[in-house]
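Novice: Okay, here's the structure, questions in a sec.
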């Protein structure tokens, strides 16, 4: 692991930990101690994303008030159309390179590479989109503000409502 990647992962971990400590001080942390090894992470399909994406809740419950941490695993050549969330979030790229863009419509020319170790944020309500290229990508997403949801800018992009 490069020194830069190590520092970025460290910064992301510190920010997440500080947020969780603040939540704990206010009595909002759902569990006092969580330890998960990679073989204990339970991946499941994500209804709000196209088939192939999987998520795993690490802490809390994203659909309930309070802090949460979860991971999303995207297969190669995966596209996430423009959407937003009601909460402020932090993102850490754990593996692969995620291509992320800002705006209310997917635009390949606006994608910015976020290699493993990258950390970034999205403000509540800010539309964004993303994609993977030739490799699997794992993101870790955290917030102290759940309950969250994913709302597509164009409702026709939502796989939860698209007829098959």
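Novice: Going residue by residue through the stretch 30-46, is there one that turns out to be surrounded by 15 or more Cβ atoms within 10 Å (Cβ to Cβ), out of contact with any helix residue (DSSP H, G or I) (no Cβ under 7 Å at 6 or more places or on another chain) and modelled with pLDDT of 90 or more?
Specialist: Yes; the residues of the stretch 30-46 include at least one that is surrounded by 15 or more Cβ atoms within 10 Å (Cβ to Cβ), out of contact with any helix residue (DSSP H, G or I) (no Cβ under 7 Å at 6 or more places or on another chain) and modelled with pLDDT of 90 or more.
Novice: For the stretch 116-127, give me each residue that is in contact with a helix residue (DSSP H, G or I) (Cβ under 7 Å, 6 or more places away or on another chain) and either surrounded by fewer than 18 Cβ atoms within 10 Å (Cβ to Cβ) or not in a strand (DSSP E or B) (or both).
Specialist: The first filter runs over the stretch 116-127 and keeps only residues in contact with a helix residue (DSSP H, G or I) (Cβ under 7 Å, 6 or more places away or on another chain), leaving 116-119.
Selection gives 116, 117, 118.
Novice: May I ask you to list the residues in the stretch 83-115 that are touching a helix residue (DSSP H, G or I) at 6+ places or on another chain (Cβ under 8 Å) and crowded, with 20+ Cβ neighbours inside 10 Å?
Specialist: Of everything in the stretch 83-115, those that are touching a helix residue (DSSP H, G or I) at 6+ places or on another chain (Cβ under 8 Å) and crowded, with 20+ Cβ neighbours inside 10 Å turn out to be 83, 92.
Novice: In the set 83, 122, which member is at pLDDT below 95 and touching a strand residue (DSSP E or B) at 6+ places or on another chain (Cβ under 6 Å)?
Specialist: After ruling out the rest, the residue left standing is 122.
Novice: Might you check whether a residue that is loosely packed, with under 15 Cβ neighbours inside 10 Å, in a loop (DSSP other than H, G, I, E, B) and touching a residue at least 60 places away in the same chain (Cβ under 8 Å) occurs anywhere in the stretch 55-62?
Specialist: No, the stretch 55-62 has no match at all.
The values are calculated or read from the model by the stated rules, or taken from the named source; none is laboratory data. Values in this document were obtained by computation on a predicted structure and should not be read as measured data. Because the Cβ atoms are built from the backbone with ideal geometry, glycine has one as well, and the counts that use them run over all protein chains shown.
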